[in-house]
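Everything on this sheet refers to the single structure shown next.
The values are calculated or read from the model by the stated rules, or taken from the named source; none is laboratory data. What you are looking at is a predicted structure, and each value in this text was computed from that prediction instead of being measured. All Cβ positions, even for glycine, are placed from backbone atoms using ideal geometry, and neighbour counts span all protein chains on display.
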């Protein structure tokens, strides 16, 4: 086995060249290149974490904006509702008062007409009594030949009217 | 290989360390020749550097290559944070270097570069000297972190909570032994797994060659099943290459957890 039979002759060369190459490897690659590679990886991970955090922040901000918008919309809707209901109530009140005044006017006009009709009726009644008195005077003259005054005839008509 | 040892194929030849450029460099009495093993360490380092270079674009949206590099760093970083906690981030450079070095070395050892004439794949992690040094580095870091952070209180690691007073000396010795065995088990595990896999592949490859040399009948009887088995074992070895790198890095992070958090 050369590893053991040659050991006395080759150990110095083996150890020397191993220390040289491994030393260059450790100081040149391990100490200089590896930390840079790891720093690159760390920077990338940091950037990814930062981007994720920024995205989360943006999402929260968007949520807030949406909530504010929703609140404003709700407010505006409530205001509009209040305004419409107020307008509706006012309209109803106005219509009611208008109807009331129209009713009053109608009632008044109706009363005037009733009065006129009553007057006309009374006038007609009076005329009728005058005609009835004339007729009664003529009737008495024709039947009995007596001449009664118009006043007596009218009085008789009135009495007979009153007795029905 | 077959030509060198005649009809015998030596499955251990692949582990032989030879100086390249045919000369020995001796510095202060130590032979530090640039060997085939050192060449493959450099190839491992260079390929890993190229791989990492593709991940340095630092784009916000990663391409495929950058995503692969980030996958590996993230894997090691997750392993350390899940084993040690937030303090584990400190050890990412070391454990990442360890994991990737072993992984790339293991996989390079399995690549079929032998098809290029004159080239031989060499698995540096199949050498005890290499895995041993890596294990000793890991163990040394555990000791430095443990004593640096807790001082002599670090010895409390060897006395688990709720140990009866009478048992403390015995438990202390047992725990100390198991602690001291860690670098050996760490280094030996990787060395043995890599060596065994490569020997198995080489033995089966020798069966294929020898069977074919003996004629068509033996070829069908021996070479074909061996070749099919080799394909399966190569896939298994790729899995082992990744698993052993993972185990080494995982155990290192578990031991570091002991040093940082004291159970």
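Conditions (1) assigned to a helix (DSSP H, G or I); (2) free of Cβ contacts under 8 Å to residues at least 24 places away in the same chain; (3) within 14 Å of chain B (Cβ to nearest Cβ); (4) surrounded by 16 or more Cβ atoms within 10 Å (Cβ to Cβ), marked per residue:
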| site | (1), (2), (3), (4) |
| --- | --- |
| A:28 | yes, yes, yes, no |
| A:37 | yes, yes, yes, yes |
| A:53 | yes, yes, no, no |
| A:63 | yes, yes, no, no |
Report task. For residue B:195, state whether it is closer than 18 Å to residue B:13 by Cβ, in contact with a helix residue (DSSP H, G or I) (Cβ under 9 Å, 6 or more places away or on another chain) and modelled with pLDDT of 90 or more. Result -> yes
Query raised in the report: What's the number of the condition residue B:58 fails, among (1) away from chain A (no Cβ under 11 Å); (2) at positive phi; (3) surrounded by 13 or more Cβ atoms within 10 Å (Cβ to Cβ)?
Result: (1)
Report summary line: Residue hits (the stretch B:26-49; more than 8 Å from chain A (Cβ to nearest Cβ), free of Cβ contacts under 8 Å to residues at least 24 places away in the same chain and closer than 22 Å to residue B:120 by Cβ) are B:46
Query raised in the report: Out of all the residues in the stretch B:203-217, is one or more crowded, with 16+ Cβ neighbours inside 10 Å, at pLDDT below 95 and under 20 Å from residue B:103 (Cα atoms)?
Result: no
Report summary line: Here the residues within the stretch B:61-77 that are in a helix (DSSP H, G or I) and either farther than 27 Å from residue B:124 by Cα or within 7 Å of chain A (Cβ to nearest Cβ) (or both) are B:64, B:66, B:67, B:69, B:70, B:73, B:74, B:77
Requested in this report: Taking residue A:4 as the residue in question, decide whether it is surrounded by 14 or more Cβ atoms within 10 Å (Cβ to Cβ) and within 14 Å of chain B (Cβ to nearest Cβ).
Outcome: no
Query raised in the report: Based on what the data block shows, is residue A:57 surrounded by 10 or more Cβ atoms within 10 Å (Cβ to Cβ) and farther than 30 Å from residue B:60 by Cα?
Result: no
Query raised in the report: residue A:12 versus (1) in contact with a strand residue (DSSP E or B) (Cβ under 7 Å, 6 or more places away or on another chain); (2) loosely packed, with under 10 Cβ neighbours inside 10 Å: which is the lone unmet condition?
Result: (2)
Report summary line: Looking across the stretch B:1-23 at residues that are in contact with a strand residue (DSSP E or B) (Cβ under 8 Å, 6 or more places away or on another chain) and within 9 Å of another protein chain (Cβ to nearest Cβ), the single one that is modelled with the highest pLDDT is B:17
Query raised in the report: Can you tell me which residue in the stretch B:110-131 is surrounded by the fewest Cβ atoms within 10 Å (Cβ to Cβ), limited to those that are in a helix (DSSP H, G or I) and within 9 Å of another protein chain (Cβ to nearest Cβ)?
Result: B:128
Requested in this report: Kindly check whether there is at least one residue in the stretch B:78-95 that is farther than 18 Å from residue A:45 by Cβ, in contact (Cβ under 8 Å) with a residue 40 or more places away in the chain and at the interface with chain A (Cβ under 9 Å from one of its Cβ atoms).
Outcome: yes
Requested in this report: Could you tell me whether residue A:14 is within 14 Å of chain B (Cβ to nearest Cβ), free of Cβ contacts under 8 Å to residues at least 40 places away in the same chain, in contact with a helix residue (DSSP H, G or I) (Cβ under 7 Å, 6 or more places away or on another chain) and under 30 Å from residue B:39 (Cβ atoms)?
Outcome: yes
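Results for (1) within 14 Å of chain A (Cβ to nearest Cβ); (2) part of a helix (DSSP H, G or I); (3) surrounded by 16 or more Cβ atoms within 10 Å (Cβ to Cβ), shown as yes or no for each residue.
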{"position": "B:151", "(1), (2), (3)": "no, yes, no"}
{"position": "B:156", "(1), (2), (3)": "no, yes, no"}
{"position": "B:168", "(1), (2), (3)": "no, yes, no"}
{"position": "B:171", "(1), (2), (3)": "no, yes, no"}
{"position": "B:174", "(1), (2), (3)": "no, yes, no"}
{"position": "B:181", "(1), (2), (3)": "no, yes, no"}
{"position": "B:186", "(1), (2), (3)": "no, yes, yes"}
{"position": "B:190", "(1), (2), (3)": "yes, yes, yes"}
{"position": "B:195", "(1), (2), (3)": "yes, yes, yes"}
